[in-house]
1. Which whole-percent values make up P(r) of the stretch 148-276 when all C-alpha to C-alpha distances are grouped in 5 Å steps starting at zero?
2. So, in nm, how far is label residue 186 from label residue 410 when the simple model puts each one 7 Å beyond its Cα toward the Cβ?
3. At R0 = 30 Å, how high is the FRET efficiency between residue 372 and residue 72 if r is their beta carbon distance? Nearest 0.05 is fine.
4. Please state the equivalent ellipsoid semi-axes for the stretch 161-453: what are the square roots of 5 times the Cα gyration tensor eigenvalues, largest first, in whole Å?
5. What is the stretch 36-126's relative contact order, in percent, from Cα pairs under 8 angstrom and six or more apart in sequence?
6. Extension gain residue 119-residue 296, at 0.36 nm per residue separation less the Cα-Cα distance, in nm?
7. Are there trypsin sites (Lys or Arg not before Pro) in the stretch 418-459 that DSSP puts in a loop and that have at most 11 other Cβ atoms within 10 Å, and which ones?
8. Can you give me the distance in nm between label points at residue 82 and residue 274, each placed 7 Å from the Cα along the Cα-to-Cβ direction?
Amino acid sequence: MKIRLGNWPTLFFVVFAFGVAMGIWLAASSAVRATGTASPDFNTVAPILQKNCLACHASATKMGGFIVESYDSLMKGGKDGAAIVPGKSDASRLVEMLEGKIQPRMPFNADPLPASDIAAIKAWIDAGAKGPSAGEASTPLKPLAIPDIKPQVQVASPVAALKFSPDGKILAVGGYKEVRLMDPATGKVLATLGGHADYVRSIAFSPDGKELAAAGGPPQRGGEIKVWDVETHQILRTMQGHTDCIYSVAWSPDGKLLASGSYDKLIKLWEAATGKELRTLKDHIDAVFAVAFSPDGKWLASGSQDRSVKIWDVASGQRLYTLSEPLDGINTIVFSPSGKQIAAAGYDKTIYIWNLGEKSGSLQQSLIADEDSILSLAWSPDGKVLVSSSADNSIRFRDAATLNPLSVLENQPDWVEALAISPDGKRLAAGRFNGTLSLYDMGTSKQVLGPTLAFEPYKPAAPSASQVAAEAAHSAERAQAGEVHQ
Ligand code: HEC
């Protein structure tokens, strides 16, 4: 269970979200202690939940759909509904799970709680499962102090972005604060482009292959695009402008423009040669996760959490039309090589393909294609094959004309967040949440390289308090938007 890639609170942030939650608990419990109460209240059970449950039941982890971060979320219950029946501990699923009467026993995969802890939880429920104190629960509590929980383990950055250079000789891999340039034939690392503010969530090569744009930025603070010289590995420009991180960057086919789509709901167009911001395209009412130029460069397409794909006129910056069939947020969009169609997919597990006209688009087909959210799409250069990766841990190859399955790679060791097809159409690169990378033959779908770890594991530095709060708020927001999957 983990979080969709767009978000990537890796182990690192999960640990720190945990820290924030602990801060909230500390604040809550001291407030309650000061007022003092007679019958057992939330304060008596909070430390038990904090110690034994929060790691898997925070808003960033949310196992079983159950969050114990606040009294309200605790009482709300999980995917199976309320887990606590006030006044009736024996009828409370939470207690039955602690006692092993309902499987799986909680805490999951660990020793049962000591009898005294279970007794304290039962006593609190039997006394009415009271909240902290009147009004407290609805006050948004801010962490007073961030406990010093530095992860001692090293973590591997997820592979967040993949792109082949136009000549196919370089595979650029984006991850935590860096881009690796690799030889796709051997897996050899050619260069590391470091110094990014946060995850590199998207990569675009200039059409001549000489420059590379890598985009990301720290959540809730700003978007960042760094443009690199591919041969000398020198940084040429850094562009800032969004108020939140960038999820997608695209380079126009004539080489003149860069487009960026951000969590701040905006799309920006930039002059590639100077880094100057040219235009802001506003119309999405939620995060923009994907942008793509049509092969002729006339249109820009954008896919958003707001369940729509929009087609824009690049020259005027005007929105031409909106494709609004999707039932949930869009993660990924890709133009057909002919430019006549666009495919999009996301949280509703469905691949949509529209025929694009000057004034409107028509849905050509849609198919519930995977068993869980679709994370990434790639269209083969000959237009014949559409590849999807899903949170069901699969990679599926489909006939692009019919969406009939051609082959499937099941049981991927983790979510494949990034897909890229080589310009000659022979190789598929797949990058995973667990930091590994594989190359597959597009014809036989056999693995020809990997899995190999794309980045060296690193020991994350403790982020600042404001970073922790920002990331936790992001996770919570996105969890609410239904983007956290188990
Ligand atoms: C190591 C991770 C982990 C820990 C620690 C853990 N849980 Fe869970 N919990 C899970 C998972 C996974 C599920 C989903 C199980 C399933 O649906 O098969 C779950 C489900 C639940 C559910 C059911 C939610 C629903 O609506 O289906 C409850 C209640 C629950 N846990 C309570 C607790 C309590 C209380 C603690 C602490 C004493 C705890 N858990 C500790 C992983 C954990």
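Bear in mind that the values in this text are calculations on the coordinates, not laboratory data. Please read these numbers as outputs of a predicted model, since none were measured by experiment. Neighbour counts run over all protein chains shown; Cβ positions are idealised from the backbone, glycine included.
1. The distribution over the stretch 148-276 is 2, 12, 22, 24, 19, 11, 6, 3, 1, 0, given as percents.
2. Modelled inter-label distance: 3.8 nm.
3. Details: r = 28 Å, r/R0 = 0.93.
After rounding, the FRET efficiency stands at 0.60.
4. On the way: eigenvalues 123, 118, 58 Å².
Semi-axes from the Cα gyration tensor: 25, 24, 17 Å.
5. Numbers: 106 pairs, mean separation 22.3, N = 91.
Normalised by residue count, the contact order of the stretch 36-126 is 24 percent.
6. Values: separation 177, 0.36 × 177 = 63.72 nm, distance 6.85 nm.
So the chain would gain 56.9 nm between residue 119 and residue 296.
7. On the way: sites: 426, 427, 432, 446; in loops: 426, 446.
Those that pass, being in a loop and sparsely packed, are 446.
8. That separation, rounded to one decimal, is 6.3 nm.
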